[in-house]
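Participant: Please find one structure pasted underneath; my questions will follow.
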Amino acid sequence: MADIFGLKNRVAIVTGAAGDIGKATVELLVSHDARVLALDIDPAVHALAQRNQVVAQRCDVSQEDEVISAVTLAQAEFGGVDILINNAGKTLNKLATETSVEEWDNIMTINARGYFLLSRESLKAMQPRRQGAIVNVASVVSMVGMKATAAYSASKGAIAQLTKVLALEVAEYGIRVNAVAPGVVETNILSGIVEDSRATLASYGHAHPLGRVAQPEEIAEAIIWLASPKASFVTGTVLMADGGYTAQ
């Protein structure tokens, strides 16, 4: 595939790389000749390292020492960090009155603290080189309310705000920070949440003006565009990839 995004030899860290969106993002990066450090707590992440351009590592993004180790590994293996894709996350579908403190803390720790830690350490690697791009995977619920998602929505709202603040803090270094906010995406995540995931996906699809849910590859395309030189004057934005949901 032609490198239409200008990513040849760029070094990218992708978290949540074993999931559907993460995997699609890694594959798209590799197809454009980027080099990738794929991170996940799921051992399935190691299957991605079958390609020469990919190094895979187990990483719990909520643990500071593991995050520091991962960024150090990217620098050792590839000589630096050009791109960070913060994608690792966890969801919880519960009413606020039914959500325990432990559940709240778990969601916020993985989703919000994880993005903060990876961003902080990656920026330390990017700033001396005065270049780089971070793309955070937020959510439609970063912008609108949805019942039974108090902890998850709060964590994704935090990610949207973190994106804007970081963009302001590192603009002087030529580093861009943006987010993609997907609507509902056809992934395996629903299988552990609802009894009939196919019927639920269909109902969610009808809620989007485009009449369907997104495919992981479609979100990956938006991520790659924001991470690439093609979006060189875009920073501090949350790109809605939601099938028109928030336009209503």
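Participant: Residues of the stretch 25-47 being within 24 Å of residue 111 (Cα to Cα) and either crowded, with 24+ Cβ neighbours inside 10 Å or among the charged types (D, E, K, R) (or both), which ones?
Facilitator: The answer is 25, 26, 27, 29, 36, 37, 38, 39, 40, 42, 45.
Participant: Across the stretch 27-67, what is the total count of residues that are of a type in the set (D, E, K, R), outside any helix (DSSP H, G or I) and within 24 Å of residue 221 (Cα to Cα)?
Facilitator: Of the stretch 27-67, the ones of a type in the set (D, E, K, R) are 27, 33, 35, 40, 42, 51, 58, 60, 64-66.
Checking the rest, the ones that are also outside any helix (DSSP H, G or I) come to 33, 35, 40, 42, 51, 58, 60.
From what's left, within 24 Å of residue 221 (Cα to Cα): 33, 35, 40, 42, 51.
Of the residues in the stretch 27-67, 5 are of a type in the set (D, E, K, R), outside any helix (DSSP H, G or I) and within 24 Å of residue 221 (Cα to Cα).
Participant: Residue 179 passes all but one of (1) over 27 Å from residue 4 (Cα atoms); (2) modelled with pLDDT of 95 or more; (3) buried (at least 20 other Cβ atoms within 10 Å of the Cβ); (4) of a type outside the set (S, T, N, Q); which number fails?
Facilitator: (1)
Participant: Here's another thing I want to ask about it. Among the candidates 21, 13, which residue alone is crowded, with 16+ Cβ neighbours inside 10 Å, aliphatic (A, V, I, L, M) and part of a strand (DSSP E or B)?
Facilitator: On the way: 21 fails: part of a strand (DSSP E or B).
Only one candidate passes the filter, namely 13.
Participant: Name the single residue, out of those in the stretch 146-168 being closer than 17 Å to residue 237 by Cβ and charged (D, E, K, R), that is surrounded by the fewest Cβ atoms within 10 Å (Cβ to Cβ).
Facilitator: Step one: filter the stretch 146-168 for residues closer than 17 Å to residue 237 by Cβ, giving 156-168.
Imposing the further condition that a residue be charged (D, E, K, R) reduces the set to 156, 164.
Values: 156: 26, 164: 16.
Result: 164.
Participant: State all residues of the stretch 9-29 that are closer than 13 Å to residue 78 by Cβ and without any contact (Cβ under 8 Å) to a residue 40 or more places away in the chain; if no residue qualifies, say none.
Facilitator: 9
Participant: Could you check how many residues of the stretch 21-47 are more than 20 Å from residue 118 (Cα to Cα) and touching a strand residue (DSSP E or B) at 6+ places or on another chain (Cβ under 9 Å)?
Facilitator: Qualifying residue count, the stretch 21-47: 2.
Participant: Here is a follow-up. Which one of these is at pLDDT 95 or above, surrounded by fewer than 22 Cβ atoms within 10 Å (Cβ to Cβ) and assigned to a helix (DSSP H, G or I): 70, 76? Walk me through how you get there before you give the answer.
Facilitator: Numbers: 70 fails: surrounded by fewer than 22 Cβ atoms within 10 Å (Cβ to Cβ).
Only one candidate qualifies: 76.
Participant: Here's another thing I want to ask about it. Right, residue 112: at pLDDT 95 or above and part of a helix (DSSP H, G or I) or not? Spell out the reasoning first.
Facilitator: Details: at pLDDT 95 or above: yes; part of a helix (DSSP H, G or I): yes.
It is true that residue 112 is at pLDDT 95 or above and part of a helix (DSSP H, G or I).
Participant: Are any residues in the stretch 60-79 of a type outside the set (S, T, N, Q), in contact (Cβ under 8 Å) with a residue 12 or more places away in the chain and farther than 13 Å from residue 39 by Cα, and if so, which ones?
Facilitator: Of the stretch 60-79, the ones of a type outside the set (S, T, N, Q) are 60-61, 64-68, 70-71, 73-74, 76-79.
Of the ones still in play, those that are also in contact (Cβ under 8 Å) with a residue 12 or more places away in the chain are 60-61, 64, 67-68, 70-71, 73-74, 77-79.
If the condition is that a residue be of a type outside the set (S, T, N, Q), in contact (Cβ under 8 Å) with a residue 12 or more places away in the chain and farther than 13 Å from residue 39 by Cα, then 64, 77, 78, 79 are the ones that fit.
Participant: Would you mind finding the one in 211, 243 that is part of a loop (DSSP other than H, G, I, E, B), surrounded by fewer than 17 Cβ atoms within 10 Å (Cβ to Cβ) and on the phi > 0 side of the Ramachandran plot? Walk me through how you get there before you give the answer.
Facilitator: Working: 243 fails: surrounded by fewer than 17 Cβ atoms within 10 Å (Cβ to Cβ).
Exactly one of 211, 243 is part of a loop (DSSP other than H, G, I, E, B), surrounded by fewer than 17 Cβ atoms within 10 Å (Cβ to Cβ) and on the phi > 0 side of the Ramachandran plot, namely 211.
Participant: Here's another thing I want to ask about it. Considering only residues of the stretch 214-240 that are of a type in the set (Val, Ile, Thr) and closer than 15 Å to residue 159 by Cβ, which is surrounded by the most Cβ atoms within 10 Å (Cβ to Cβ)?
Facilitator: 223
Participant: Could you tell me whether the stretch 83-101 includes any residue that is within 22 Å of residue 23 (Cα to Cα) and charged (D, E, K, R)?
Facilitator: Narrowing the stretch 83-101 to residues within 22 Å of residue 23 (Cα to Cα): 83-92.
Retained after the next criterion (residues that are charged (D, E, K, R)): 90.
Yes, because at least one residue in the stretch 83-101 is within 22 Å of residue 23 (Cα to Cα) and charged (D, E, K, R).
The values are calculated or read from the model by the stated rules, or taken from the named source; none is laboratory data. All values reported here derive from a predicted model rather than from experimental measurement. Positions of Cβ are generated from backbone atoms using ideal geometry, with glycine treated the same way; all protein chains shown enter the neighbour counts.
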